[in-house]
Amino acid sequence: MTGGPIVGALNGRRPRLVERYRRFLPVSDATPPLTLGEGFTPLVHARRLGAELGLTRLFLKVEGQNPTGSFKDRGMVVAVARALEDGAKALICASTGNTSASAAAYGAAAGLEVVVVLPRGQIALGKLLQALVAGAHVVAIDGNFDEALTLVRQLADDPAHPITLVNSINPYRLEGQKTAAFEVCDDLGAPPDVLAIPVGNAGNISAYWAGFRAYRDAGEIEALPRMFGFQAEGAAPLVLGHPVDQPETIATAIRIGNPASWDKAIAARDESDGVIQAVSDEQILAAYQDLARLEGVFCEPSSAASLAGIRALAESTDLDRDATIVCVLTGAGLKDPATAQASAPAIAESEPNVDAIRRVLGW
Ligand code: F0G
């Protein structure tokens, strides 16, 4: 398995994601070669966490290493390139933060106006700053993500003001996000047995499942993984089977009550013999801290829902100890300094001399 030829190198060095998987993507010679260096994120063997959970082949797909610090860049690069190709002048999205950061960055690189509509007071600081610094028009509403999405759909439908919607209901977004599934298979040399992933608006679980199926259909892999999706307990419509009016969770990225890709996520679960389950904020925070302390991987809280879910299943079910399990860590830890600070230990203080530092360290 090669993952296709690595071509389209940037300055003769780093290849472009869209070139690497070109035959699976809706691009042509007419599509502008937009890139910020997205994709090619690490797959880390989590040996210490795995030992603790009794799982020998636990891996982390570290999507926080994308250009704007989340997996959104994989889909945004395709959506914005296609918007440019189609003559768009402006982009719009609703967001819990990461989509807006990504849209703002790729919109800036493409020279397009960007409008983002966000739930007031519910966006992690790093993400908000990313959108503002990149020059997006940021509009905060007294409403949640689901309400913001309804509003931007209406704004994008107005022929008097043409503007391209770049939420994951834009089909190019999910097309681009499929590349993460290809990378996982290429890095492992085979598909995983289980793909564990946080679920909010349910685009990413749908994109991974489409990606694995496309790779199987192309003969790149023989089997398909089971898809294990995890929602936060206070924002778990897919687990409950009905929309949640007032979603609540510390994991603000997945604070969503009525996912746009509902049917696709349920199909991914059912076709793959998978599960979609809920994890509590306490389980998410414990996983978030353990990822940093045991593996050195600092992700944002929502991302840790994947590990929280696998941990809960490892403790309560007969999960195969030697299964190859990939937890997708969707975004970077620095995006949400407030959550990090709330759980961080105090800083020790010392006089500026070695004896004092030794004393502080208890030597
Ligand atoms: N993890 C992170 C860090 C996210 O930002 C999101 C979604 C998800 C997981 C869930 O992915 O929606 O495809 O199921 N963030 C969107 C946003 C909603 O606006 O940034 P999903």
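Structural remarks
- Residues of the stretch 187-221 satisfying the condition of being open to solvent by less than 10 Å² (accessible area, probe 1.4 Å), away from the ligand (no atom under 16 Å from the Cβ) and either free of Cβ contacts under 8 Å to residues at least 12 places away in the same chain or closer than 24 Å to Ile169 by Cβ (or both): Tyr215
- Subset of the stretch 61-104 (residues that are assigned to a loop (DSSP other than H, G, I, E, B), touching a Phe, Trp or Tyr at 6+ places or on another chain (Cβ under 9 Å) and either aromatic (Phe, Trp, Tyr) or away from the ligand (no atom under 12 Å from the Cβ) (or both)): Pro67
- Among (1) farther than 19 Å from Leu118 by Cα; (2) assigned to a helix (DSSP H, G or I); (3) open to solvent by less than 30 Å² (accessible area, probe 1.4 Å) - the single one Phe230 does not satisfy: (2)
- Test for Gln277: is it within 16 Å of the ligand (Cβ to nearest atom), without any contact (Cβ under 8 Å) to a residue 60 or more places away in the chain and more than 26 Å from Gln65 (Cβ to Cβ): yes
- Meets criteria (modelled with pLDDT of 95 or more and assigned to a helix (DSSP H, G or I)) for Ser350: no
- For Ala108, the conditions (1) within 10 Å of the ligand (Cβ to nearest atom); (2) out of contact with any helix residue (DSSP H, G or I) (no Cβ under 9 Å at 6 or more places or on another chain) are fulfilled apart from (1).
- Members of the stretch 280-308 found to be assigned to a helix (DSSP H, G or I), touching a residue at least 40 places away in the same chain (Cβ under 8 Å) and surrounded by fewer than 24 Cβ atoms within 10 Å (Cβ to Cβ), listed by number: Asp281, Leu285, Gln289, Asp290, Ala292, Leu294, Glu295
The values are calculated or read from the model by the stated rules, or taken from the named source; none is laboratory data. Values in this document were obtained by computation on a predicted structure and should not be read as measured data. Reconstructed Cβ throughout: ideal geometry from the backbone, glycine too, with neighbour counts over all protein chains shown. Only protein heavy atoms, including side chains, enter the accessible area calculation; ligands, DNA and RNA are left aside. Shrake-Rupley method; radii C 1.70, N 1.55, O 1.52, S 1.80 Å.
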